[in-house]
1. Suppose a student asked you for the relative contact order of segment 132-172, using Cα pairs under 8 Å spaced at least 6 residues apart; what percent would you report?
2. Calculate the length of the line joining the C-alpha centroid of segment 96-127 to that of segment 1-59, in whole Å.
3. On a 0 to 90° scale, report how tilted helix 37-48 is relative to the longest principal axis of the chain, with both axes built from alpha carbons and the result rounded to the nearest 10.
4. What is the projected area of the convex hull of the Cα atoms of segment 64-123, averaged over all directions, in nm²?
5. P(r) tail for segment 1-58, what percent of Cα pairs lie past 16 Å?
6. Once fully extended, how much extra length lies between residue 159 and residue 12, figured as 0.36 nm per residue of separation less the alpha-carbon to alpha-carbon distance?
7. Using DSSP, restrict attention to beta bridges with both residues in the chain and report what percent are antiparallel, rounded to the nearest 5.
8. If you line up the long axis of helix 65-77 against the longest principal axis of the chain, both from Cα atoms, how many degrees apart are they, to the nearest 10?
């Protein structure tokens, strides 16, 4: 029932075998591996983006879209000294619960704070208002768009009369 040979399950470290360790949540594993700083650093990243409840051995197929998104971006954060990278994201909030969107913004902040640049195509006004700089293309979509209608900080776009994004920011 535990997918491991009996001989493997007899091997223990700090009283736990491989099955027991993979059943730990990220937050539980933080204390279990407390003296192994290389492991702790990676677990702290997962915990800081709200994934502390995931089990270490949890199949990826059981993750929600928001969990998978945060896990992928967290793996970038776990690479030490990753600076001056450009991340281009295409509508990262699609399908995410509002709670997951807040967690996603925390992860994106960490990427920027580490010295990276994040560019994204996004239609979710809650994420757009969080941006440092917005380039609003339009005035419509498809053949009716493609022109820079406005660009600047969210506050600056709110002053634009041509920008649909600026109007949405004002109304939100």
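What follows draws every value from the coordinates through simple rules; no lab data is involved. Keep in mind it's a predicted model, so treat the numbers as computed, not measured. Here Cβ is always computed from backbone atoms with ideal geometry, including for glycine, and neighbour counts include all displayed protein chains.
1. Details: 64 pairs, mean separation 13.2, N = 41.
It comes to 32 percent, rounded to a whole number.
2. 28
3. Long axis of 37-48 versus the principal axis of the chain: about 50 degrees.
4. Working: hull surface 14.9 nm².
Directional mean of the projected Cα hull area for segment 64-123 stands at 3.7 nm².
5. Working: 747 of 1653 pairs.
Counting every Cα pair in segment 1-58, those more than 16 Å apart make up 45 percent.
6. Numbers: separation 147, 0.36 × 147 = 52.92 nm, distance 6.36 nm.
Answer, rounded to one decimal: 46.6 nm.
7. Numbers: 7 of 12 bridges.
Among the beta bridges of the chain, antiparallel pairing accounts for roughly 60 percent.
8. 80
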